[in-house]
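The following block contains the structure, expressed as structure tokens.
What follows is calculated from the coordinates using simple rules that are stated; it is not laboratory data. Nothing here was measured: the structure is a model prediction, and the numbers come from that model. Glycine also receives a Cβ, built like all others from the backbone with ideal geometry; neighbour counts cover every protein chain displayed.
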Amino acid sequence: MDINWFKYSAPSTFYGLAGKLVPFFAIPAAVLFAIGMYIGFFVAPMDAVQGEAYRIIFIHVPASILSMFLYLIMAGYAALGLIFNTRLSSMMATALAPTGALFAFISLWTGALWGKPMWGAWWVWDARLTSELILLFLYFGFIALHASIDDPRRADRAAALLAIVGSVNVPIIYFSVKWWNTLHQGSTIKFTGTSMHIAMQQAMFVTLLACWMYAVAVTLVRVRSIILDRERTTQWVSELKEIA
Amino acid sequence: MNHLSIMNLLVLVVKRDLLLAMRRRADVLTILVFFILIVSLFPLGVGPEMDMLRKMAPGVLWVAALLASMLSLGRLFSADYLDGTLEQMMLAPQSLSVLVLGKMFSHWVVSGLPLVLMAPVLGLQFDMPVEALLVLMFGLFLGTPILSMLGAIGAALTLGLRGGGVLLSLLVLPLCIPVLIFGSGAVEAVSSGLSVTSNLSLIAALLMLCLVFTPWVTAQALRISME
């Protein structure tokens, strides 16, 4: 059977596919989030040391993980767009950036809420907090550079280059900040077993999955509007029934 | 002209840029005055206690150097861009990366080197001991070229954009954080009697990394901006 692998790399075909895919990610996101919150609030036991305040990790940890992964995915799409000159890849990168920035912000915010009862301070200059803050600035830089260039093709390529330079820099920044100061507690989940209660783990993995689903759904919705915006002069857009 | 070797090209670009800079000496001096001014503002802002100032000095000097180098980055390519020279340079059969490297080097000589030479004088205002001053100077000597090189990427990406200056800082400053950390870390290490080699080696490593990659990345950025 001959499959055309590149069929959906054209914005005009992907627009329809993305529209069909959105509910498959949006509905699981809502359901998984509800389940995760239920386990997190009613099933998972109180933490022996941190009391009830620890429950914020059920949003904090997924948000932090996603903020970092989304940057890499964004840089990956941007690189694809730069190398192969595919319009859709650049559009995906542009669509991912606000979601990534949102998760970085949520991660910082919930971290501050957790830090106040635990460390006695809203903010400490700890390695992970600082590098998360820098990550947020990298997202802002990407969005700002893209927004300030009028020609979308040039904006795509310039922002792509910035994202690639940024992703090379992320580990350097992370280690430099880590050697500079470390106060944050070490990772609780390691590949060699964990010290967490099973219900806490379940809640965290379920909310992590929910956040992934949410990120995909929102990105697809956003890429649809970007496609419409960029292709507004084309024939196929004017023939869409939601336009006419 | 086709037989121009890489070294000749480099010398040619550096000579031309330095000559242009010498014709407009005010630009160079403005950056230096800005650097001195920023550093002098800190004691006025936080108070004249020498113990505190001595502790703050490396960080203040490094942050001021970072800001001063941001200030001059906008001019790195813009003059050549506006009068069309940059376009001619890109059409030339020589390597654009080498050309860019030459421009980075002359930018550093004009805007980075004066800061390195000025830093010990300002450090004395903060009552820094002599060995700390030497480490600070050496750190700045290794670190300011990195600022010029990373900054060149940002300058190339924001070429000809409105509001370029602020945007440039937003793009470049986060990338410069490791240099700041290792640079002021080296001075703090020598002040507390530790070895400075780890911090300085890391800056030198970053310098080598930038030397290899940033000219090429900047050349790509220029191609994107100019097409």
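Per residue of segment B:152-161, in order, report the coupling 6.51 cos²θ - 1.76 cosθ + 1.60 (Karplus, θ = phi - 60°) as ³J(HN,Hα) in whole Hz, putting x for Gly and Pro.
Values per residue, Gly and Pro as x: 4, 4, x, 4, 5, 5, 9, 4, x, 8 Hz.
Based on DSSP H runs of at least 4 residues, each adding -39500 (n - 2.57), what is the mean residue ellipticity at 222 nm of chain A after dividing by all its residues, to the nearest 500 deg cm²/dmol? Please report the intermediate quantities before stating the final value.
Values: 7 runs with 177 residues, N = 244.
So the calculated ellipticity at 222 nm is -25500 deg cm²/dmol.
Summing +1 for each Lys or Arg and -1 for each Asp or Glu, what net charge is found among the other residues whose Cβ lies under 10 Å from the Cβ of A:ALA53?
On the way: positive: A:ARG55, A:LYS116; negative: A:ASP47, A:GLU52.
Cβ neighbours under 10 Å give a net charge of 0.
Arrange B:THR158, A:THR234 by Cβ neighbour counts within 10 Å, fewest through most, would you? Kindly include the intermediate steps, with their values, before the conclusion.
On the way: B:THR158 31, A:THR234 13.
Ascending number of Cβ neighbours within 10 Å: A:THR234, B:THR158.
Return the inverse of the average 1/r over all pairs of distinct C-alpha atoms in chain A, which is the Kirkwood hydrodynamic radius, in Å to one decimal. Mind dumping the intermediate values first?
Values: mean 1/r = 0.0506 Å⁻¹.
When all Cα pairs of chain A are included, the Kirkwood radius is 19.8 Å.
While we're here: Given the protein assembly as shown, what count of lysine pairs have C-alpha atoms under 28 Å apart, with each pair 8 or more places apart or on different chains?
9
Still on this structure, I have one more. Just to confirm the number: angle between the C-alpha axis of helix B:6-23 and the first principal axis of chain B, 0 to 90 degrees, nearest 10?
70
Let me ask another. Using only Cα atoms, find the angle between the long axis of helix B:25-46 and the longest principal axis of chain B, and express it within 0 to 90 degrees, rounded to the nearest 10.
So the inclination is approximately 30 degrees.
Residue by residue through segment A:136-145, which ³J(HN,Hα) values in whole Hz follow from phi under the Karplus form 6.51 cos²θ - 1.76 cosθ + 1.60 (θ = phi - 60°), with glycine and proline marked x?
4, 5, 5, 4, 4, x, 4, 5, 5, 5
Further question on the same structure: Work out the mean other chain Cβ neighbour count within 10 Å for the residues of A:147-153 and drop it here as an integer. Could you put the intermediate results ahead of the total?
Working: counts 1, 7, 8, 2, 1, 0, 2.
Per-residue shielding by partner chains comes out at 3.
Mind checking the mean number of beta-carbon atoms from other chains within 10 Å of the Cβ atoms in B:171-183?
Numbers: counts 12, 3, 3, 12, 11, 2, 10, 9, 2, 2, 8, 3, 0.
Per residue, the average neighbour count from other chains is 6.
If each residue's Cβ is checked for other Cβ atoms within 10 Å, how do B:CYS176, B:CYS210 rank with the fewest at the top? Before the final figure, lay out the partial values.
Working: B:CYS176 25, B:CYS210 21.
By the 10 Å Cβ count, ascending, the order reads B:CYS210, B:CYS176.
Okay, moving on. Normalized C-alpha radius of gyration of segment B:1-116, against 2.2 N^0.38 Å? Please report the intermediate quantities before stating the final value.
Details: Rg = 18.1 Å, N = 116, 2.2 N^0.38 = 13.4 Å.
Rounded to two decimals, the normalised Rg is 1.35.
With a bin width of 10 angstrom, please list the P(r) values of segment A:31-72 as percents of all Cα-Cα pairs, from the 0 bin to the one holding the largest distance.
27, 45, 24, 4
Using the alpha-carbon atoms, what tilt in degrees (0 to 90, nearest 10) does helix B:96-107 show relative to the longest principal axis of chain B?
That helix lies at roughly 40 degrees to the long axis.
Would you mind computing Rg(Cα) / (2.2 N^0.38 Å) for the protein assembly as shown, counting N as its residues? Display every interim value, and only then the final one.
Numbers: Rg = 25.3 Å, N = 471, 2.2 N^0.38 = 22.8 Å.
It is 1.11.
Pop out the ³J(HN,Hα) list for segment B:65-74 in order, Karplus 6.51 cos²θ - 1.76 cosθ + 1.60 with θ = phi - 60°, rounded to Hz; leave Gly and Pro as x.
3J(HN,Hα) across segment B:65-74, in whole Hz: 5, 4, 5, 4, 6, 4, 4, 8, 5, x.
Using only the C-alpha atoms of chain B, find the volume of their convex hull and express it per residue in Å³. Could the numbers behind the result be given before it?
Working: hull volume 26.8 nm³, N = 227.
It is 118 Å³ per residue.
Which value results when the Cα radius of gyration for segment B:161-208 is divided by 2.2 N^0.38 Å? Walk me through the intermediate numbers first.
On the way: Rg = 14.5 Å, N = 48, 2.2 N^0.38 = 9.6 Å.
Ratio of Rg to 2.2 N^0.38 Å for segment B:161-208: 1.51.
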